[in-house]
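Peer 1: After the structure tokens below, expect a handful of questions from me.
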Ligand SMILES: *Cc1c(COP(=O)(O)O)cnc(C)c1O
């Protein structure tokens, strides 16, 4: 049966991904199942999206109720869900205004346009961006231009001009690129795709200072590391800084495709106005219901406390693997966005884990990424560690 689904997908879907040979059908908690009922422990959460795990009844019921009321209206009209979801995001980000998008890449596009429009309004003549090596910001042309992976960018050149790449956690390399054309500095607070690299406080605060001293905007991409995964709502909140613009997506709708960018009052008052930007689905009632319900459940279930309780245990288990297993080198990241640097080929290890019923993905060239649903318990960490040890042996 599984083969038939794979064949259909291979026939119909443009091959831009190398899929693992597994067909998923349904899930429950931190586990996913194939059509024959084989069980998989999920430590990838659909790329850090499914933070509530699968089949959360309260979440599903809220979505079903919203579907019965109304799925879509467009931005021509007010609706009964959008303001609430916006307020909810304002509350957890501390930002002044929010714009809903359909994805992380689109949130990045919005952040780029906001920064450019800010410079236009202020007549600064600034248009350049400083981004980071090994960054990932999505697949749209603007996002690709900011992505510090040559192989993601090169086939699509010429991309948006005026982007310079600094070395992550190297403040001098940022300083060296600043000039009177620099419009914004963009970075992930914890690099996800690039190998689970966490920015240091000194780096984040140093960038904030450079921005303040030079009239440059600071943009934090929290698409992957945000929404509770770091142990705070957003990872920048642990760094003693506030960005001017931030992006989010992935986990904010628990699997319903929704993203957002948000900004301070200074930026909101001097950037996008009616006619400058839009999106047909953005702020759609189904997505907004998903965002509000996700935040409600996070609060009710004390999800941040749970992440902060379980994360040290994950670190400890990964460190045990480093201590006992030759192929494991180093533990990276924090919260439930951690990485295990290894010396064996990533593909080999993830394939072995898959055979044993563990879903893990790589990051960078040599890091196993640990981005499970945030609801995991110690039992699941133990289960993962046992399988991973065997896969690394
Ligand atoms: C996934 C990701 C994006 C792009 O999000 P999409 O929803 O895939 O467009 C942007 N930034 C970061 C940090 C990401 O991890």
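The values are calculated or read from the model by the stated rules, or taken from the named source; none is laboratory data. Everything numeric in this text was worked out from a predicted model, so none of it was measured. Note that each Cβ is placed from the backbone with ideal geometry, even for glycine, and that neighbours are counted across all protein chains shown.
Peer 1: Kindly indicate which of 196, 185 is at pLDDT 95 or above, closer than 21 Å to residue 242 by Cβ and in contact with a strand residue (DSSP E or B) (Cβ under 7 Å, 6 or more places away or on another chain).
Peer 2: Values: 196 fails: closer than 21 Å to residue 242 by Cβ.
After applying the criteria, what remains is 185.
Peer 1: So residue 169 passes all but one of these: (1) surrounded by fewer than 23 Cβ atoms within 10 Å (Cβ to Cβ); (2) closer than 30 Å to residue 331 by Cβ; (3) within 12 Å of the ligand (Cβ to nearest atom). Which condition number does it fail?
Peer 2: It fails just one condition, (3).
Peer 1: For region 350-359, indicate whether the set of residues that are under 30 Å from residue 92 (Cβ atoms) and surrounded by 23 or more Cβ atoms within 10 Å (Cβ to Cβ) is non-empty.
Peer 2: Looking for residues that are under 30 Å from residue 92 (Cβ atoms) and surrounded by 23 or more Cβ atoms within 10 Å (Cβ to Cβ), one finds none in region 350-359, hence no.
Peer 1: Would you mind telling me which numbered condition in (1) within 16 Å of the ligand (Cβ to nearest atom); (2) within 30 Å of residue 340 (Cα to Cα); (3) buried (at least 20 other Cβ atoms within 10 Å of the Cβ) residue 142 fails?
Peer 2: Just one mismatch for residue 142, condition (2).
Peer 1: Another question about this same structure. One residue is enough: does region 65-84 have a residue meeting the conditions surrounded by 18 or more Cβ atoms within 10 Å (Cβ to Cβ), assigned by TED's automatic domain parsing to the domain that holds residue 187, within 18 Å of the chain's Cα centre (by Cα) and modelled with pLDDT of 95 or more?
Peer 2: Within region 65-84, not a single residue is surrounded by 18 or more Cβ atoms within 10 Å (Cβ to Cβ), assigned by TED's automatic domain parsing to the domain that holds residue 187, within 18 Å of the chain's Cα centre (by Cα) and modelled with pLDDT of 95 or more.
Peer 1: While we're looking at this one, here's another question. Give the residues of region 210-231 that are within 16 Å of the ligand (Cβ to nearest atom) and either free of Cβ contacts under 8 Å to residues at least 60 places away in the same chain or farther than 17 Å from residue 178 by Cβ (or both), sorted by residue number.
Peer 2: The answer is 218, 220, 221, 222, 223, 224, 225, 226, 227, 228, 229, 230.
Peer 1: Given the structure, is residue 309 assigned by TED's automatic domain parsing to the domain that holds residue 233, under 28 Å from residue 54 (Cα atoms) and part of a helix (DSSP H, G or I)?
Peer 2: For residue 309, the condition - assigned by TED's automatic domain parsing to the domain that holds residue 233, under 28 Å from residue 54 (Cα atoms) and part of a helix (DSSP H, G or I) - is not met.
Peer 1: Which condition from (1) part of a loop (DSSP other than H, G, I, E, B); (2) in contact with a helix residue (DSSP H, G or I) (Cβ under 8 Å, 6 or more places away or on another chain); (3) surrounded by fewer than 24 Cβ atoms within 10 Å (Cβ to Cβ) is the one that residue 275 breaks?
Peer 2: (2) is the only condition that residue 275 fails.
Peer 1: Report yes if some residue within region 3-15 is under 23 Å from residue 136 (Cα atoms) and assigned to a loop (DSSP other than H, G, I, E, B); otherwise report no.
Peer 2: yes
Peer 1: If you go through region 21-47, how many residues are surrounded by 15 or more Cβ atoms within 10 Å (Cβ to Cβ) and touching a helix residue (DSSP H, G or I) at 6+ places or on another chain (Cβ under 7 Å)?
Peer 2: Looking only at that region, the number is 7.
Peer 1: Give region 41-58 a look and list any residue that's away from the ligand (no atom under 16 Å from the Cβ) and not in a loop (DSSP other than H, G, I, E, B), or say none.
Peer 2: Listed by number, the residues that qualify are 41, 42, 54, 57, 58.
Residue by residue, here is whether (1) in contact (Cβ under 8 Å) with a residue 60 or more places away in the chain; (2) within 16 Å of the ligand (Cβ to nearest atom); (3) over 22 Å from the mean Cα position of the chain (by Cα); (4) within 26 Å of residue 296 (Cα to Cα) holds:
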{"site": "151", "(1), (2), (3), (4)": "no, no, no, no"}
{"site": "154", "(1), (2), (3), (4)": "no, no, yes, no"}
{"site": "159", "(1), (2), (3), (4)": "no, yes, yes, no"}
{"site": "179", "(1), (2), (3), (4)": "no, no, yes, no"}
{"site": "197", "(1), (2), (3), (4)": "yes, yes, no, no"}
{"site": "206", "(1), (2), (3), (4)": "no, no, yes, no"}
{"site": "236", "(1), (2), (3), (4)": "no, yes, no, yes"}
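Peer 1: So which residues in region 365-392 are under 14 Å from residue 322 (Cβ atoms) and touching a residue at least 60 places away in the same chain (Cβ under 8 Å), if there are any at all? Spell out how you get there, then give the answer.
Peer 2: To start, the set of residues in region 365-392 that are under 14 Å from residue 322 (Cβ atoms) comprises 366-368, 370, 385, 388-389, 392.
Across region 365-392, the qualifying residues are 366, 367, 370, 385, 388, 389, 392.
Peer 1: Filter region 250-271 down to residues that are more than 16 Å from residue 88 (Cβ to Cβ) and within 15 Å of the ligand (Cβ to nearest atom) and give me whichever is surrounded by the fewest Cβ atoms within 10 Å (Cβ to Cβ).
Peer 2: Applying the filter and picking the extreme gives 257.
Peer 1: Quick one: what pairs do we get from region 87-106, first residue without any contact (Cβ under 8 Å) to a residue 60 or more places away in the chain and within 19 Å of residue 267 (Cβ to Cβ), second away from the ligand (no atom under 16 Å from the Cβ) and part of a strand (DSSP E or B), C-beta under 7 Å, 6+ apart or different chains?
Peer 2: So the pair list comes out empty.
Peer 1: Would you say residue 293 is away from the ligand (no atom under 14 Å from the Cβ), assigned by TED's automatic domain parsing to the domain that holds residue 219, in contact (Cβ under 8 Å) with a residue 60 or more places away in the chain and surrounded by fewer than 23 Cβ atoms within 10 Å (Cβ to Cβ)?
Peer 2: no
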